[in-house]
1. Of all residues in the range 198-234, which are among the aliphatic types (A, V, I, L, M) and under 11 Å from N342 (Cβ atoms)?
2. Need at least 3 residues that are under 19 Å from the mean Cα position of the chain (by Cα) per element, so show me which helices (runs of 4 or more DSSP H) inside the range 280-345 make the cut, counting only ones lying wholly within it.
3. Quickly run through the range 242-271 and pick out the residues that are surrounded by fewer than 23 Cβ atoms within 10 Å (Cβ to Cβ) and either of a type in the set (D, E) or under 16 Å from I295 (Cβ atoms) (or both).
4. Does A274 count as in a helix (DSSP H, G or I), out of contact with any Cys (no Cβ under 9 Å at 6 or more places or on another chain) and surrounded by fewer than 16 Cβ atoms within 10 Å (Cβ to Cβ)?
5. Would you check which residues across the range 31-88 are more than 23 Å from D134 (Cβ to Cβ) and of a type in the set (D, E) and list them?
6. Any idea which residue in the range 145-177 is nearest to the chain's Cα centre (by Cα), counting only those that are part of a strand (DSSP E or B) and aliphatic (A, V, I, L, M)?
7. Give me a count of the residues in the range 37-86 that are surrounded by fewer than 23 Cβ atoms within 10 Å (Cβ to Cβ) and among the hydroxyl-bearing types (S, T, Y).
Amino acid sequence: MEYREIPHTDLRVSLIGLGTMTWGEQNTEQEGHEQMDYALDQGVNLFDVAEMYPVPPMAETCHETERIIGTWFKKTGNRDKVILATKVVGPGPHVNHIRNGGGLDRKNIEAAVEGSLQRLQTDYIDLYQLHWPDRQVPLFGGRDYSPPKNDESIPLEETLEVLADLQKAGKIRHVGTSNETAWGTMKYLQLAEAKGLPRMVTIQNSYNLINRCFDNSISEICHYEGVRLLAYSPLAFGKLSGKYLNGVMPEGARVTKWERFARYNGPNSDAAIAEYVQIAKDAGIDPAQMALAWINSREHVASNLIGATTMEQLKSNIESVNLTLPGEVRKAIDTVHHRFPNPCP
């Protein structure tokens, strides 16, 4: 396993991180424990979760993923071997079952941290992330920014002040954003420097072969400001494996089960995916491993957050850390990207 340092911290995280959002919905508690056992044995030390998980978010299963991780910590005593990352929800109607809709004000964040610590059966969180902004921005596949008519968002400084107090209390160690924009990222960094508040050290955004929007602006921030990307959805809901091509809908798969998972169904997405899959096949490489290895090669990535519903998928995804893409494959990937740039933001 390869490890990468996150600037401005003492964190050294595995290049492959373990995503967990299927545990409690598509995966049982026993299966979640099995995945953690295997991942840790393979050198994976970053486990990423959220108070909202599993997905899709529902009141009946809410918080179950954190609880599953907590029972694994209690059973194995492996808390000190894991860099634990979790998230607090921003506001939104899809999380009305979480504190009446969530938000990044003091009351919500303090309640969220206490709940996560209890479920995770730990005294501290290594990386505490804001799941999405508390303001109107394009989210989860949205393309264009529209100025809010009535801006009732929580000031970023207030959010940072709460996180500062939680740091001082020893409940969280470092902080990061998720689904954030270039403006939000820089504003947080400016406030931290000017006010002596916690510095955002990571950003967890969607990043894959059919969504390279991160490279347009935020990757420059990573370079100059020492922020690192935790790449989520690296296989675009599994679509980059090629298993959904030609209208195939595998039984039990996430995109098959829930219509809401349509983020990677944009115009030209299947055309681009078909070409990426063919590049992999021509090179004798598994398409999913190629997609993951491309992310692994990016300098601004600290960890590639893979997820799996089967042990076979998990083993293959982790194995991608040992794959170096030949130059002709990287060139072919960029050729497709130039023809089909970011079909699914």
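The values are calculated or read from the model by the stated rules, or taken from the named source; none is laboratory data. All values reported here derive from a predicted model rather than from experimental measurement. Neighbour counts run over all protein chains shown; Cβ positions are idealised from the backbone, glycine included.
1. Passing the criteria: L209, I210.
2. In the range 280-345, 287-296, 311-319 are the helices (runs of 4 or more DSSP H) which contain 3 or more residues that are under 19 Å from the mean Cα position of the chain (by Cα).
3. Matches in the range 242-271: E251, E259, D270.
4. Yes, satisfied.
5. Listed by number, the residues that qualify are E31, E34, D37, D41, E60, E64, D80.
6. V175
7. 4
Yes or no, residue by residue, for (1) crowded, with 20+ Cβ neighbours inside 10 Å; (2) acidic (D, E); (3) more than 21 Å from M52 (Cβ to Cβ):
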position	(1), (2), (3)
G102	yes, no, no
N108	yes, no, no
A111	no, no, no
E114	no, yes, no
L130	yes, no, no
Q136	no, no, no
E152	no, yes, yes
A164	no, no, yes
A169	no, no, yes
